[in-house]
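Asker: The following block contains the structure, expressed as structure tokens.
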Amino acid sequence: MISLIQTLAVAEYLNFRHAANFLGVSASSVSARIKTLEEDLGILLFERHARGVRLTEAGRHFVDGVSTGIDHLEHAVKTAGAFAQGDLGLLRVGVYALTFGSFLDELLTRFRKEHPQVAIEITEGTARDIIVQLRADQLDIAFVAGAPDLPDCHSRRIWCEPLIAVLPADHPLTEQDSVTWDDLTGESFLVRHGGTGPQAYDHIVLRLAGRWQAAPSILRCDVERCTLLQMIAQGFGVSIAGQATALAEIPGVAFRHFHDEPEPVPFSAVWSPYNQSATLRNLLDLAGVIGRSLPRA
């Protein structure tokens, strides 16, 4: 490698002494290395004359090839370093939803600014669906509602949100600053099949167990979140959600906090213990920084 670098220097200066001064070595050592290289290759690279040297035709082709090779090598080294630092690559993220202004929105926005050469693929689905994809190595990380205890995955609680009731804007309960679960007894609930719908369903059943006089009215809808909110605006029913849902301003929909909900809803990151990706590590580190900056609910 040293011989190749010295050959490039001599090809640039066309003078052993000038090339040696540039490299910080003696002219004799440069001359000796290039002579040895020419003998090993069986090719005359330079024609010597009194005032310096000039490249032979074979030498010119050799130098062009070496220059290209070194450029490729430098690029390979820089690229490998970027991958090792997590500044280059692909990050596959599973989410339950992505709302403008939410924690996940801020996290992914900041990550893209800090690591602009990392491509991000986002998959939306239920906690079950994105965990299945994570286990199949189709995702690098999943963000889910709750604090799952999965023996084959790492998980970390990142942030939490107060639970809110989602009501039609003309619902009588909107006259109150907050609601209780007793207030919602007898209401028709709407939940999605996707996103956090299954967890919302389980939470409603848990909180209203024993309060309903008849069978609980919970309609599972195979719709996107915006459509569900629009259905609520039209009076089809009510629902529950994390506070970030209130950031999606939908005409005809009102949000109220629960007065008797014992604790906020935790949200966690889940990833495979076998995933050693530097991009994943950087995202987790940033999620922790942003999560710690949030006010305690």
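Asker: Quick one: how many residues across segment 155-178 are open to solvent by 70 Å² or more (accessible area, probe 1.4 Å) and closer than 30 Å to Ala287 by Cβ?
Answerer: Count: 2.
Asker: What number of residues within segment 176-231 satisfy the criterion of being more than 18 Å from Arg256 (Cα to Cα), of a type in the set (Val, Ile, Thr) and free of Cβ contacts under 8 Å to residues at least 60 places away in the same chain?
Answerer: Residues meeting the conditions: 4.
Asker: How many of the residues making up segment 44-66 are aliphatic (A, V, I, L, M), modelled with pLDDT of 85 or more and either in a strand (DSSP E or B) or open to solvent by 90 Å² or more (accessible area, probe 1.4 Å) (or both)?
Answerer: Keep residues of segment 44-66 that are aliphatic (A, V, I, L, M), which gives 44-45, 50, 53, 55, 58, 63, 66.
When the remaining residues are screened for being modelled with pLDDT of 85 or more, the result is 44-45, 53, 55, 58.
Now restrict to residues that are either in a strand (DSSP E or B) or open to solvent by 90 Å² or more (accessible area, probe 1.4 Å) (or both): 44, 53, 55.
Number of matching residues: 3.
Asker: Restrict the check to segment 130-139 and report whether at least one residue is closer than 30 Å to Ala246 by Cα, touching a helix residue (DSSP H, G or I) at 6+ places or on another chain (Cβ under 8 Å), open to solvent by less than 40 Å² (accessible area, probe 1.4 Å) and outside the structural domain of Ala248 (by the TED database). Break it down into steps so the answer makes sense when it comes.
Answerer: Restricting attention to segment 130-139, the residues satisfying the condition of being closer than 30 Å to Ala246 by Cα are 130-134, 139.
When the remaining residues are screened for being touching a helix residue (DSSP H, G or I) at 6+ places or on another chain (Cβ under 8 Å), the result is 139.
Those still in the list that are open to solvent by less than 40 Å² (accessible area, probe 1.4 Å) too: 139.
From the residues that got through so far, the ones that are outside the structural domain of Ala248 (by the TED database) too are 139.
Scanning segment 130-139 turns up at least one residue that is closer than 30 Å to Ala246 by Cα, touching a helix residue (DSSP H, G or I) at 6+ places or on another chain (Cβ under 8 Å), open to solvent by less than 40 Å² (accessible area, probe 1.4 Å) and outside the structural domain of Ala248 (by the TED database).
Asker: So, in segment 1-43, how many residues would count as being among the small types (Gly, Ala, Ser), under 15 Å from Gly59 (Cα atoms) and either outside any helix (DSSP H, G or I) or touching a strand residue (DSSP E or B) at 6+ places or on another chain (Cβ under 7 Å) (or both)?
Answerer: Number of matching residues: 2.
Asker: Looking at Leu173, Leu167, which is the one that is assigned by the TED database to the domain that holds Phe189, among the hydrophobic types (A, V, I, L, M, F, W, C) and in contact with an Asp or Glu (Cβ under 8 Å, 6 or more places away or on another chain)? Write out each step before concluding.
Answerer: Working: Leu167 fails: in contact with an Asp or Glu (Cβ under 8 Å, 6 or more places away or on another chain).
After applying the criteria, what remains is Leu173.
Asker: With the requirement that a residue be in a strand (DSSP E or B) and under 19 Å from His171 (Cα atoms), what does segment 213-259 give you?
Answerer: Taking segment 213-259 as the starting set, the residues that turn out to be in a strand (DSSP E or B) are 218-221, 238-242, 253-258.
Across segment 213-259, the qualifying residues are Ile218, Leu219, Val238, Ser239, Ile240, Ala241, Val253, Ala254, Phe255, Arg256, His257, Phe258.
The values are calculated or read from the model by the stated rules, or taken from the named source; none is laboratory data. Note that this is a predicted model, so its numbers are computed, not measured. As a convention, Cβ positions derive from the backbone with ideal geometry for all residues, glycine included, and neighbour counts pool all protein chains shown. Just so you know, the surface numbers come from the protein's heavy atoms only, side chains and all, with ligands and any DNA or RNA stripped out. Shrake-Rupley method; radii C 1.70, N 1.55, O 1.52, S 1.80 Å.
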